[in-house]
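Remarks on the structure that follows.
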Amino acid sequence: MELNEIFENLNNKQDNQLNKFELALKKALNRLNDLIIANALEDIKNPLEYDFKFNQYLQESGYYNVINNFVDNGLDVVYGDIVAALSVGGLAVSFSKEDITKIEAIKRLNLQKFNDLSVPTINKMKDSIYKYSLSNLSVSDITNGLRSSLVDSDLFKYSGTYANTIISDYTQSIIDLKSSEADGVWIYDGPSDKVTRPFCNCVLNQKKYYDDSEKSKIQGDKRRAYNCRHIFLLVTEEYAIDNGYASGSASC
Ligand SMILES: [Zn+2]
């Protein structure tokens, strides 16, 4: 199989996981909204306990389940395709027990990123509840206010974007993990279509291959942050040259 076929397969599987995630997330956030509204009158009596209560609502709404499940299972679709891609590039790898331990650590870090989204959201909601506890607003004004605070929260706005970013970061982390002991050069690969950013298109079109330091320079470029579907793959230098890549650095 060709590399672009493998990556297309991988992208399809990941899109599938993202779609499932989005659906489950939407349901959880609807339940969260309902819980907040249903308990608002009770909650404004104890504004200082609202961080605790809101965390309970997150739990009850299924939000934590949704993100846990995404990280625990949704991310797992990558392994077979990564092994296949590395093998096309001339590097035979498999996953060992030690890898599994490292993979677990990578997953925990990713889960942490998700959990960090809830912290400013919890604080924001607590501020709102506190404000309403001191006001003479009507019930409907309070519930409407809480609803719009929630819709305007990081958790509401960015959970989907985070999932997108995490799923592509994860692919790269696993490739990096399997490449750390191998010798080779890095090539940049992934889709080139209407939504591909100019920076990524430029790097793709240059068809260069890179050493570790050049790779991390391009990888960290702000112009490819968030939702980038392109990855660096370690291949043998022979494979790179045979496939039209030239040694060098990217100038994009
Ligand atoms: Zn990209």
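The values are calculated or read from the model by the stated rules, or taken from the named source; none is laboratory data. Keep in mind the model is a prediction, meaning the values are calculated, not measured. We place every Cβ from the backbone using ideal geometry, glycine too, and count neighbours over all the protein chains shown.
I need every pair where a residue in region 182-195 that is charged (D, E, K, R) has its Cβ under 7 Å from the Cβ of a residue that is modelled with pLDDT of 95 or more, sequence separation at least 6 or different chains.
Qualifying pairs under 7 Å: D189/L233.
Got at least one residue in region 117-135 being within 16 Å of the ligand (Cβ to nearest atom) and within 26 Å of D76 (Cβ to Cβ)? Give the derivation first.
First pass over region 117-135, keeping only residues within 16 Å of the ligand (Cβ to nearest atom): none.
The answer is no; no qualifying residue exists.
Sort out which residues of region 158-201 are hydrophobic (A, V, I, L, M, F, W, C) and surrounded by 15 or more Cβ atoms within 10 Å (Cβ to Cβ), and write them in order of number.
Matches in region 158-201: A163, I166, I167, I174, I175, L177, A182, V185, W186, I187, F199, C200.
Looking at S216, is it assigned by TED's automatic domain parsing to the domain that holds V88 and more than 15 Å from the ligand (Cβ to nearest atom)?
Values: assigned by TED's automatic domain parsing to the domain that holds V88: no; more than 15 Å from the ligand (Cβ to nearest atom): yes.
So S216 fails the test.
Tell me the residue from S94, S118 that is in a helix (DSSP H, G or I) and of a type outside the set (A, V, I, L, M, F, W, C), please. So that I can check it myself, show each step before the final result.
Details: S94 fails: in a helix (DSSP H, G or I).
Residue meeting the stated conditions: S118.
Identify the residue in region 18-59 that is aromatic (F, W, Y) and surrounded by 15 or more Cβ atoms within 10 Å (Cβ to Cβ) and, among all such residues, is farthest from S133 (Cα to Cα). First the steps, then the outcome.
Filtering region 18-59 down to residues aromatic (F, W, Y) leaves 21, 50, 52, 54, 57.
If we keep only those that are surrounded by 15 or more Cβ atoms within 10 Å (Cβ to Cβ) too, we end up with 21, 50, 54, 57.
On the way: F21: 35, Y50: 11, F54: 16, Y57: 19 Å.
My answer is F21.
Of all residues in region 219-238, count the ones that are more than 15 Å from the ligand (Cβ to nearest atom) and either among the polar types (S, T, N, Q) or surrounded by 20 or more Cβ atoms within 10 Å (Cβ to Cβ) (or both).
Keep residues of region 219-238 that are more than 15 Å from the ligand (Cβ to nearest atom), which gives 234-238.
Still in the list and also either among the polar types (S, T, N, Q) or surrounded by 20 or more Cβ atoms within 10 Å (Cβ to Cβ) (or both): 234-236.
The qualifying residues number 3.
Among the helices (runs of 4 or more DSSP H) confined wholly to region 1-88, which include 3 or more residues that are within 22 Å of I167 (Cβ to Cβ), modelled with pLDDT of 95 or more and polar (S, T, N, Q)? Even if it seems obvious, please write down each step before you answer.
Numbers: elements: 3-43, 50-61, 63-72, 79-88.
Passing ranges, in order: 3-43, 63-72.
So which of T161, T236, T171 ends up being closer than 23 Å to L109 by Cβ, out of contact with any helix residue (DSSP H, G or I) (no Cβ under 8 Å at 6 or more places or on another chain) and of a type in the set (S, T, Y)? Reasoning before the result, please.
Working: T236 fails: closer than 23 Å to L109 by Cβ; T171 fails: out of contact with any helix residue (DSSP H, G or I) (no Cβ under 8 Å at 6 or more places or on another chain).
Checking each option against the conditions leaves just T161.
Take the residues in region 60-109 that are without any contact (Cβ under 8 Å) to a residue 24 or more places away in the chain and farther than 26 Å from K20 by Cβ; name whichever of them is surrounded by the most Cβ atoms within 10 Å (Cβ to Cβ).
Looking at the filtered set, the residue picked out is S87.
I'd like the full set of residues that are under 23 Å from G160 (Cβ atoms), assigned to a loop (DSSP other than H, G, I, E, B) and at pLDDT below 90, limited to region 224-252. Working first, answer last.
Residues of region 224-252 under 23 Å from G160 (Cβ atoms): 224-231.
The next check asks that each one be assigned to a loop (DSSP other than H, G, I, E, B); those that pass are 225-230.
Within region 224-252, A225, Y226, N227, C228, R229 meet the criteria.
Could we say that K194 is more than 10 Å from the ligand (Cβ to nearest atom), under 23 Å from L75 (Cβ atoms) and among the basic types (K, R) here? Step through it out loud before you land on a result.
On the way: more than 10 Å from the ligand (Cβ to nearest atom): yes; under 23 Å from L75 (Cβ atoms): no; among the basic types (K, R): yes.
In short, no.
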